[in-house]
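Some notes on the structure that comes next.
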Amino acid sequence: MTQKEHLLPYAQREDFKVGRAPELSGKDRRFYRLLEIIPGAASWATLIGVLVLSNYAPFVAAYFVIGFAIYWVLKTAFLSYHLRYNWKRLRHHMKIDWAAMVERFEFGHIYHLVILPFYEEPEEVIDATLQSLADVRYDKKSIIVVLAAEERAGDSAQAIAQAMKEKWGAAFGKFLVTTHPQDVPGEMAGKGSNATYAAEQARQLVLDPHGIRYNHTLVSIFDIDTVLYPDYFNCLVWHFMTVEYPLKTSFQPVPIFNNNIWDAPAVARVVAMSSTFWEMIQQERPERMATFSSHSVSFQALYEIGYWQSNMVNEDSRIFWNLLMANNGDYRTVPLSYPVSMDANVAGSFWGTVKNIYKQHRRWTYGVENFCYIIYHFTKNKKIPLRKRLMIGFQQAEGYWSLVTNPIMLFILGWAPIFLGTREFHQTVLSYNLPIMIRDLLILAMFGLVISSVISLTMLPPRPKEKSRLKYIVLAVQWILVPVTMIIFSAIPGLDSQTRLMLGKYMGFWVTPKNRVNT
């Protein structure tokens, strides 16, 4: 069998794993390049348009701003409802005895291939992840661990990998250390290329020699700082056994960035928990879900498309779109509403933390490159129902546009008609009442932060003894930082990413440094 013969028919296309326009030629290249320009152009046009309207048509701009503020209040209420509902579902799932739930099934044939890509993370981070993996309430002999190192990380990474294998190897059915070679032509240095290499090594060295069937193997790819809760695999197996099409489904837990939350500064805590809340909201809207960060999927599904893309920054979400295209739209993500814990982004200093959070969110928002991939392949794969293509296309376009424009329009440009409006505008009642109406609507929208504050307190790990109980007050009121964090760590890095893509200044993969004090 040749390298491509085992792939699904659509996955055999030469352009199936296109990463950016220069990888294509002719009309396809020009079309893909246009798609790369559209998101940034739309965002800039919107922001500049508000300024132009404020100067030349202040009445139109003022009514637009008021309408947008009302829309924001309604949107906040809508998202808060979903957040609260998923919080209740999450708490319920944490109380379920999943081990008892799966006893009704015959699942002894199912294996779990756990891929842990790492680069230069400290040993204590990797050790904590493996400790949590060894503590799960599941038959560890069914768990195959692949600790995936990078050759470019040097001898220190190899030493850590071997030390971890010596310490934890006997705790699992198999423990494999792989080393992804550096500077492979056509690859981008990053998690996707490492994970793909690790998965193929696991197939050749473990699955095939031991006769383990691909459709009986669940792959869980975790960021190296992921700490599992005890019933993760039981919960995963239950969903795998009960979902309608298990081999055409990815399974997404809720990432809670709280491993080091007590040692993080307020800005890092708010940003980390906001990211968790967004994923919780998405779990209540599965039709909008793609995979994110740590997730699980059948090895059969991965093998049929050649694993993760090796030329991508955001491979964790791209893998879902690869699978959707390869299966002609017949693919989905199922929310587990069960958590895994990860690290908040914390550096050795406050400004180092701010810098790292910005870089991390710029990498995340560079997921706008998926918009180009989706629309391009929607024009090629007509087997996907037109209604589904239109719905997904609109959702993706609106999502990336609102990510950048909404916070800036709401908290900054909402006041533009007051400062840029004409003399005639300043003499009207509308000019006088505009800031009052915007202020009142923003205050109303801020009530959603009360829900966020309460929920965030319930998701904290146990308080370290050296931390005062008064810290809870700080953790509650820190949510007043949200307007600032939305602009600095969401809108601006999103605009940065879209502008780079628009100008063809393509980004590479940036590894988030881990700086954990206590766990």
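The values are calculated or read from the model by the stated rules, or taken from the named source; none is laboratory data. Keep in mind it's a predicted model, so treat the numbers as computed, not measured. Neighbour counts run over all protein chains shown; Cβ positions are idealised from the backbone, glycine included.
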Cβ contacts < 6 Å: first residue crowded, with 18+ Cβ neighbours inside 10 Å, restricted to the stretch 374-387; second residue of a type in the set (D, E, K, R) and at pLDDT 95 or above, any location; separation 6+ or different chain. Result?
F378/R389
Filter the stretch 148-165 for residues that are under 10 Å from V177 (Cα atoms) and part of a helix (DSSP H, G or I) and give the result.
Q158, A161, Q162, M164, K165
Mind checking which pairs have a first residue in the stretch 132-156 that is under 30 Å from E106 (Cβ atoms) and in contact (Cβ under 8 Å) with a residue 12 or more places away in the chain and a second that is of a type in the set (S, T, Y) and assigned to a strand (DSSP E or B), Cβ under 7 Å, 6 or more apart or different chains?
S142/Y111; I144/Y111; V146/T178
Could you list all residues from the stretch 309-339 that are buried (at least 23 other Cβ atoms within 10 Å of the Cβ), at pLDDT 90 or above and hydrophobic (A, V, I, L, M, F, W, C)?
I319, L323, L324, M325, A326
Go through the residues of the stretch 396-404 one by one and say whether even a single one is β-branched (V, I, T), at pLDDT 75 or above and either buried (at least 19 other Cβ atoms within 10 Å of the Cβ) or part of a helix (DSSP H, G or I) (or both).
yes
Some residue of the stretch 157-170 being out of contact with any Phe, Trp or Tyr (no Cβ under 8 Å at 6 or more places or on another chain), among the aliphatic types (A, V, I, L, M) and farther than 29 Å from A347 by Cα:
yes
Failed item in (1) surrounded by 18 or more Cβ atoms within 10 Å (Cβ to Cβ); (2) of a type outside the set (V, I, T); (3) not in a loop (DSSP other than H, G, I, E, B), with E187 passing the rest
(3)
Looking at (1) surrounded by fewer than 15 Cβ atoms within 10 Å (Cβ to Cβ); (2) in a helix (DSSP H, G or I); (3) at pLDDT 90 or above; (4) of a type in the set (D, E, K, R), which one does R439 not meet, given that it meets all the others?
(3)
Among (1) under 28 Å from F107 (Cβ atoms); (2) touching a residue at least 40 places away in the same chain (Cβ under 8 Å), which single condition is M188 missing?
(1)
Please indicate, with yes or no, whether at least one residue in the stretch 89-99 is free of Cβ contacts under 8 Å to residues at least 24 places away in the same chain, among the hydrophobic types (A, V, I, L, M, F, W, C) and part of a helix (DSSP H, G or I).
no
Take A57 and tell me if it is of a type in the set (G, A, S), more than 26 Å from W321 (Cβ to Cβ) and touching a Ser or Thr at 6+ places or on another chain (Cβ under 6 Å).
no
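Working carefully through the options V125, V102, V145, find the one that is assigned to a strand (DSSP E or B), surrounded by 19 or more Cβ atoms within 10 Å (Cβ to Cβ), out of contact with any Leu (no Cβ under 6 Å at 6 or more places or on another chain) and not basic (K, R).
V145
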Look through the stretch 26-53, keep the residues that are surrounded by 15 or more Cβ atoms within 10 Å (Cβ to Cβ) and β-branched (V, I, T), and return whichever of them is farthest from V65 (Cα to Cα).
I37
Cross-chain or 6+ apart pairs with Cβ under 7 Å, the stretch 347-372 first and within 27 Å of N322 (Cα to Cα), then assigned to a helix (DSSP H, G or I) and among the charged types (D, E, K, R):
R362/D496; N370/R318; C372/E36
N515 fails exactly one of the following numbered conditions: (1) in a helix (DSSP H, G or I); (2) of a type in the set (S, T, N, Q); (3) in contact with a Gly (Cβ under 7 Å, 6 or more places away or on another chain); (4) at pLDDT below 90. What is the number of that condition?
(1)
I'm checking my understanding of the structure. Among residues of the stretch 442-483 that are in contact (Cβ under 8 Å) with a residue 24 or more places away in the chain and farther than 23 Å from W87 by Cα, which one is surrounded by the most Cβ atoms within 10 Å (Cβ to Cβ)?
L442
Evaluation of R203 against (1) without any contact (Cβ under 8 Å) to a residue 12 or more places away in the chain; (2) more than 23 Å from the chain's Cα centre (by Cα); (3) assigned to a helix (DSSP H, G or I) (one fails), failing number:
(1)
Could you figure out which of (1) over 30 Å from T242 (Cβ atoms); (2) at pLDDT below 95 isn't true of F107?
(1)
Among the residues in the stretch 287-308, are any surrounded by 22 or more Cβ atoms within 10 Å (Cβ to Cβ) and touching a Gly at 6+ places or on another chain (Cβ under 7 Å)?
yes
Before we move on, is L47 within 26 Å of M446 (Cα to Cα), touching a residue at least 40 places away in the same chain (Cβ under 8 Å), in a helix (DSSP H, G or I) and touching a helix residue (DSSP H, G or I) at 6+ places or on another chain (Cβ under 7 Å)?
yes
For the stretch 124-143, enumerate the residues that are within 22 Å of the chain's Cα centre (by Cα) and of a type in the set (V, I, T).
V125, I126, T129
Tell me the residue from F371, F425, F447 that is modelled with pLDDT of 95 or more, in a helix (DSSP H, G or I) and aromatic (F, W, Y), please.
F371
Quickly run through the stretch 171-209 and pick out the residues that are among the charged types (D, E, K, R) and modelled with pLDDT under 95.
D183, E187, K191
